[in-house]
Structures are given as C-alpha cells and as structure tokens.
Amino acid sequence: AWQAVANEGMPSDQVALGAADSEVGDELTRTFTRNGWTAFHPSAATLAGGLARWLAIWSHWLADPSLSVMADLLTLPETGPLVGGRRAQKARRLAELRDRWMVLRTDDLARRLEDADFRSDYERESAQEVLDAASTLEGWRTSLLHGDFPTTMAELLEKLARTDPETAVASSEWLGEASQLIRQRSRGAGFWIDLMISELPATAAVPPEGRVIDVQGWLELLHEPGAHLVLCGMNEGKVPARGGGEPWLGEASRRSLGLTSDKQRAARDAFLFRAILEARRTHGRADVFCGKSGAGGDSLLPSRLLLAAERNELPTRVKTLFREVEPPDAGLRWHADWRWTVPAVLPPKRLNVTSLGDFLACPFRYYLKHALRMQGSEADRNEWNARDFGNVAHEILERWGNDTEARGFEKTEALDAWFSKELDRVVGEWFGKRPPLAVRLQTMALRQRFSWLARVQACERASGWEVVEVERKVEIPAGDALIVAKIDRVDRNRHDGRLRVIDYKTGKVDGVERNHRKKIIASTRIPPHLDPDGPAVCEDARGTRLLWHNLQLPLYAAAVLEREGSLPVPCYFGLRSTEAEVALHEWSDFREQDLAAARECAGFIAQRIADGIFWPPAETITYDDYRILASGKTLVEAVIPPQPGNLPAP
C-alpha cells in the first residue's frame with residue numbers, strides 16, 4: 001500500500017486510505033507513520049489506561065493474590081500511594097526474588113525472608129520492603145472481601161484519586177449510586193469492580209500530533225474525496241461483513257424483526273464498493289489489496305466482490321487474485337525493516353570466572369548477559385529448573401563442608417543420613433511443609449544422588465583425602481580487571497600432601513579436560529572473534545592443537561598454586577542421575593604449561609572486554625538464550641554492531 005502511494009506521487013490530501021479489517025488498519029497506521037506520513041486510525045482499539053486499567057488488575061488481585069499479580073500492580077504508577085513510594089524499586093526487587101527463590105505467594109516470601117542468607121543488610125531490607133508492600137496490598141484485599149465493600153472502596157478511590165482524578169470521580173459517583181444495591185445483593189467484590197469498570201466512560205483514540213492522513217474504515221470511505229483510493233483488507237468475511245452468527249436468530253427472524261440481514265449487508269457493501277470505484281474512474285486511481293494469510297498463518301480468501309466481474313474479465317481477475325498463493329504450512333518468514341540498537345554501558349571490571357566461557361563462545365552474547373545483564377526468568381515455575389537443582393545441591397554440600405564434624409565422617413551411612421536431613425531442611429526453607437508435587441519428586445531424585453555421593457565420599461576419605469576449604473573466594477588480576485571466583489572445594493591428601501580443586505557438577509560431564517578445551521580437527525569451526533593463532537588455541541604435551549572454551553578449573557588451580565605453592569589437580573565431582581555418573585573425575589595430566597596457557601587466554605579475554613570489543617557474534621553456539629532477538633535471522637542481520645567508541649568512558 002505504501003509503495004502504491006509512493007509510485008503515484010499524490011499529496012496526502014488526495015489519498016483516500018482505508019481498511020476493511022481493523023488489524024490491517026492498525027498495521028497501515030504504523031507503516032505510513034514509520035515512512036514519514038503520520039497516520040491516525042480513528043477506529044483503533046484503545047487500551048484502558050490510568051485508574052481503569054489499575055482497577056482491572058486489582059480485580060485479579062482480589063480473585064488470586066499471587067505474587068505474579070502483585071508484580072503487575074507494581075508496574076503501574078497508581079500502586080505507588082498504596083505501597084509508600086519506591087514502587088519501581090519494589091517491582092524490580094520482586095522480579096528478582098520470584099526468579100531466584102521460586103516464591104508464588106506472600107507466605108512463601110515471608111518464609112524465605114526468615115530463612116535465607118543475605119549478602120548484605122541492604123539486600124535483607126529490600127526483601128523486607130517487598131514483603132511489607134505485599135502485606136499492605138493483602139490488607140486492602142481483606143477489607144474489600146470481608147468488610148463493607150462500598151465504604152472500603154470509597155476509601156481506596158480517595159487514596160488513588162490524585163493519580164487519575166477524572167476516573168476516580170466517575171468511579172465514586174457510580175459507587176454512590178450503586179451502594180444500596182451492593183448491600184442488598186450478595187455478590188463478590190470482584191463482581192462489583194468489574195461492573196464499575198464496564199460503566200466508566202470509554203476513552204476515544206487521540207490523533208497524534210502532526211498527522212497528515214487518516215486510515216478510514218469501510219463505511220467511512222464513501223465520504224473520502226481523495227482521487228487516489230488505497231483500500232486494504234478486501235477479504236471474504238470482512239467485505240461483505242459477516243453477521244453476528246446468533247444460532248437462534250436466523251435470516252428469516254432477522255427480516256421479521258426489521259434487523260439487517262446478510263443479504264441486505266451484502267447488497268450495501270456491493271453498492272459501496274462500486275460507488276467508491278466509479279467516483280475515481282475518470283479522474284483518479286484505485287489500488288485494492290487483499291491478504292493471502294492472516295496473522296496466525298491461516299489462508300484468507302479474496303472478497304466475493306472482487307470476483308463480481310464481467311465474463312471476459314473474470315479469468316484475468318482469478319489469475320491475479322490467486323497467483324503464488326502458498327499453503328498455510330509454507331513457513332512464511334517474517335522480515336523486519338529495523339535492527340536492534342545496543343545500549344552502551346561500561347564493560348565489567350570484575351569478571352566471574354564462569355563468564356569467560358561465555359566470551360569464548362560469543363562475545364556479543366557475553367555483552368548482553370554480563371554487561372547489560374539481559375536474562376530471561378521463569379518466575380512462575382512450579383518445579384526446580386536446572387539452576388535451582390544445582391543451587392540446592394551446592395548449598396547442601398557447602399553446609400556439609402563447613403561442618404567440620406560432618407565432613408570428617410568416614411562411614412557411608414553417617415554421610416547419607418546427614419545429607420538426607422539437610423536436604424529436608426533446605427526444602428522446608430523453600431516451601432515449608434507443603435512443597436509442590438513436582439518438587440517432592442525432584443527431592444527424591446536428589447536424595448538418591450546424595451546417597452550415591454555418600455558412598456563415593458566415604459571411599460575418598462578412606463584414601464586419605466580431606467576437605468580443607470569450601471566456597472573459597474579468590475581474585476586473579478588480569479590487566480586492569482579482576483577475575484573473581486568461589487572454589488567449591490579444596491582437598492588435601494593427608495598421606496602425601498597432594499592437592500585437588502573440586503567443582504560440583506549436577507549437569508553433564510564429558511571429562512574434565514574435554515569440558516575445558518577440545519581438539520581442533522578438520523571440521524572444527526573457530527568462531528570469527530578468535531584468532532586461530534591466538535591465545536584461545538593451545539597445545540598439549542603431545543603437540544595437539546586445542547581450542548579453549550572454559551577456563552574455570554585451570555584458573556582455580558592457578559589461585560591455589562599461588563597460595564599453597566603446589567599445583568593441584570583439577571577435578572569434577574559429578575552428581576548425575578545414575579549411580580555410575582556420581583563419581584570424581586580428574587584432569588590427571590594437568591601441567592603448569594596448561595595453567596600458563598589458560599592464564600594467557602584469560603588475559604586476552606580481559607583485554608578484549610576492557611577495549612569494548614564484543615563483535616562479531618558467533619553464528620552457532622550450543623545453547624542460545626538470545627535467539628528471540630534475531631526473529632528468525634542471525635544476530636549479525638538483526639543488530640547494529642556496537643562500536644568500541646560508543647561505550648562510555650571509564
């Protein structure tokens with residue numbers, strides 16, 4: 001449609017732009033506005049705003065006071081007077097708590113607040129602030145449900161009046177007129193709020209500033225004088241329009257009652273279509289468009305009015321209307337006419353050791369995740385995800401490692417009993433006495449893994465290995481940055497003094513070395529941000545070229561070597577789903593040359609990050625958290641490359 005207008009070259013006051021389909025009208029408005037002609041669609045659906053929108057969500061809160069509904073309330077400014085300010089901060093904090101703690105209701109939040117360990121007093125105060133806000137909203141809910149609804153609702157409207165005075169006044173007037181009826185009828189508070197919202201004055205679409213053209217509806221086009229008609233949405237079901245489809249009101253009944261019948265509607269639309277075309281036959285032009293598929297991929301038919309032609313014209317029209325029509329499952333690909341612009345932020349100065357693997361995989365995805373902190377969430381999940389499962393296992397193992405008596409147990413039975421008891425305690429901190437069924441099943445699976453781990457740990461203890469440190473914090477300088485980490489566990493053999501650095505793994509383990517670097521073969525594709533002759537490529541003792549993709553355990557070993565003066569053996573303690581996979585895996589031939597290569601690679605990554613070089617993105621990675629941003633394309637096509645010079649100065 002836009003191309004047709006551009007080709008004809010008429011000014012906007014000579015263009016009659018219309019759509020027989022409201023969705024198509026909305027898209028026309030966006031397209032013409034984006035291309036410089038600010039358009040207005042008078043019949044566009046208007047979204048409820050202000051206090052009316054807030055009341056609609058508040059009705060959901062009355063029906064189900066979940067933290068997900070509270071999150072919706074905190075996104076709206078009208079909630080501010082109820083929760084005492086800093087609404088945006090509370091909304092952000094609630095989102096973090098829902099994702100991290102898997103809390104669904106206020107009771108869950110209160111229990112976790114009581115049991116959780118916080119990194120700072122500020123973090124605890126922030127969580128308490130969210131709980132106080134939830135308790136306040138719960139108080140209003142209780143008063144509305146179990147108190148005198150008209151009185152409490154009037155108090156609530158008075159408190160919210162300054163956020164939307166007009167809607168507050170209209171709601172108060174309605175409440176005053178309905179108070180007597182409300183007290184006489186036994187209906188819930190949500191019913192009366194929904195009824196009140198339905199009777200509030202509807203807001204009309206407001207023309208944008210500087211508009212130059214309107215997108216008219218089907219019935220309004222007859223009165224548009226423009227010499228160039230551009231009509232979209234001419235599909236069957238839209239023109240002629242369908243009737244209401246009432247099962248008990250057929251055509252005969254409609255005619256008897258004097259209502260518009262489908263036959264009359266079809267005649268009216270045929271007349272309108274012929275009239276708007278004939279008005280431009282001598283001095284004008286008409287471009288008519290019909291869609292081939294809907295937004296959901298369903299096939300659409302052209303309007304029957306487009307096929308109402310003379311016998312000699314009909315074959316040509318059919319060929320035109322049905323050419324290149326693809327089936328519904330043809331997999332039509334959406335093409336965006338825009339690209340993402342990446343916000344500029346300072347590169348991080350403290351680099352988590354696990355994040356270095358993200359940079360090796362893809363520098364741009366590293367920037368999204370660790371500089372912009374763009375991460376998805378699963379706030380409404382009702383079972384542990386992989387991250388939760390690993391966190392619970394790590395928390396229990398950390399508590400065990402800090403219990404000097406328990407970590408010295410040499411009997412499988414004693415270890416098994418300790419792990420089982422601590423698992424019950426952690427699950428109780430998360431969910432109280434009634435965890436979800438899915439979590440109970442996951443708890444049983446984790447209990448079985450700890451039972452297998454107890455046997456392996458008892459054997460390691462009998463072999464002389466003793467736990468000397470757990471969750472040890474380390475900092476490794478890398479240029480102007482610091483690589484920070486927490487080592488899950490450090491063991492020392494009491495017989496010969498050998499050291500091991502251990503990382504617990506609840507996920508898949510291919511072997512310690514293979515999880516950190518892999519052999520470069522003929523089919524290996526080195527990502528474009530890595531130099532085949534650079535620090536990301538190293539050689540082992542046999543001269544085999546290897547590509548780093550994880551530096552975690554070698555850098556753990558570097559930190560322990562610097563402190564203890566002895567090179568430890570990097571190890572994984574697997575905590576997988578079968579007994580055979582619950583085992584300790586060693587990087588047995590790890591050498592100081594491997595450690596030096598890992599440090600050189602870490603220094604290279606730190607320098608690239610400091611220089612703000614986060615492009616190009618890798619074409620393929622093992623798991624892509626940001627696939628949705630590409631909209632079916634590659635990130636190279638969908639994103640304007642961030643330039644190092646665009647990043648803010650330190």
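Observations on the structure shown:
- Counting heavy atoms of the protein chains alone, SER523 has an accessible area of about 90 Å² for a 1.4 Å probe.
- Pairs from the table (LYS518/LYS633; LYS369/LYS508; LYS486/LYS633) lying more than 30 angstrom apart at Cα are LYS486/LYS633.
- Once the Cα-Cα distance is subtracted from the 0.36 nm per residue extended length, the VAL345 to ARG440 segment shows a gain of 30.0 nm.
- The residues LYS433, LYS159, sorted by heavy-atom accessible surface at 1.4 Å with ligands and nucleic acids left out, run LYS433, LYS159 from largest to smallest.
- Ordered from longest to shortest, the equivalent ellipsoid semi-axes for the stretch 549-650 are 35, 23, 10 Å, each the square root of 5 times a Cα gyration tensor eigenvalue.
- Stokes-Einstein D in µm²/s, Kirkwood radius over Cα pairs - the chain at 10 °C with 1.306 mPa s viscosity: 51 µm²/s
- With respect to the chain, whose longest principal axis is taken over its alpha-carbon atoms, helix 22-34 is tilted by about 70°.
- Largest to smallest principal axis extent of the C-alpha atoms in the stretch 131-238, angstrom: 63, 31, 28
- Cα gyration tensor, the stretch 353-476 - rounded (a/c under 1.5), prolate or oblate: oblate
- Heavy atoms of THR31 accessible to a 1.4 Å probe, total area in Å² rounded to 10: 40 Å²
- Shape analysis of the stretch 467-509 yields a ratio of the Cα radius of gyration to the Kirkwood radius, Rg/Rh, of 1.09.
- Taking the Cα centre of the stretch 5-70 as origin and assigning +1 to Lys and Arg Cβ atoms and -1 to Asp and Glu Cβ atoms, the resulting dipole is close to 260 debye.
- Mean shadow area of the stretch 474-539, taken as a quarter of the surface of its Cα convex hull (nm²): 7.7 nm²
- Between ASN7 and ALA154, the distance separating the two model label sites (each 7 Å from Cα on the Cα→Cβ line) works out to 6.6 nm.
- Farthest toward positive dipole pole in the stretch 91-209 [+1 Lys/Arg, -1 Asp/Glu at C-beta], among VAL169, ALA154, VAL206: ALA154
- In the chain, taking the dipole from charged Cβ atoms about the Cα centre, the farthest positive-side position among TRP101, LEU553, SER293 is held by SER293.
- For LYS505, LYS421, the ranking by accessible surface with the largest value first comes to LYS421, LYS505, using a 1.4 Å probe.
- Among the trypsin sites (Lys or Arg not before Pro) in the stretch 88-141, those located in a DSSP loop and surrounded by at most 13 other Cβ atoms within 10 Å of their own Cβ are ARG119.
- For the stretch 482-526 versus the stretch 403-454, the inter-centroid distance based on Cα atoms is 25 Å.
- Rg to Rh, two decimals, where the stretch 43-123 supplies the alpha carbon set and Rh follows Kirkwood: 1.05
- Dipole magnitude for the chain: about 920 debye, using +1 per Lys or Arg Cβ and -1 per Asp or Glu Cβ, origin at the Cα centre.
- Sorting 610-618, 402-410 by their mean Cβ neighbour count within 10 Å, with the most densely packed peptide first, gives 610-618, 402-410.
- Sorting the Cα pairs of the stretch 1-75 by distance into bins of 5 Å, from 0 upward, gives 3, 13, 18, 13, 9, 8, 10, 9, 7, 5, 3, 1 percent per bin.
- For the stretch 451-565, Kirkwood radius (reciprocal of mean inverse C-alpha pair distance, Å): 16.6 Å
- Charge dipole of the chain about the Cα centre (unit charges at C-beta), most positive-ward option of ALA134, ILE396, ALA4: ALA4
- From the alpha carbon centroid of the stretch 377-400 to that of the stretch 186-253 is 49 Å.
- By the Stokes-Einstein formula, at 1.306 mPa s and 10 °C, the stretch 206-301 with its Kirkwood radius over alpha-carbon pairs has D equal to 100 µm²/s.
- Solvent exposure ordering (accessible area, 1.4 Å, most first) of THR260, THR29: THR260, THR29
- Computing Rg and the Kirkwood Rh from the Cα coordinates of the stretch 55-180 gives a ratio, Rg/Rh, of 1.02.
The values are calculated or read from the model by the stated rules, or taken from the named source; none is laboratory data. What you see is a predicted model, and the numbers here were worked out from it, not measured in a lab. All Cβ positions, glycine included, derive from the backbone under ideal geometry; neighbour counts span all protein chains shown. All accessible areas refer to the heavy atoms of the entire protein, side chains included, with ligands and DNA or RNA removed. Shrake-Rupley method; radii C 1.70, N 1.55, O 1.52, S 1.80 Å.
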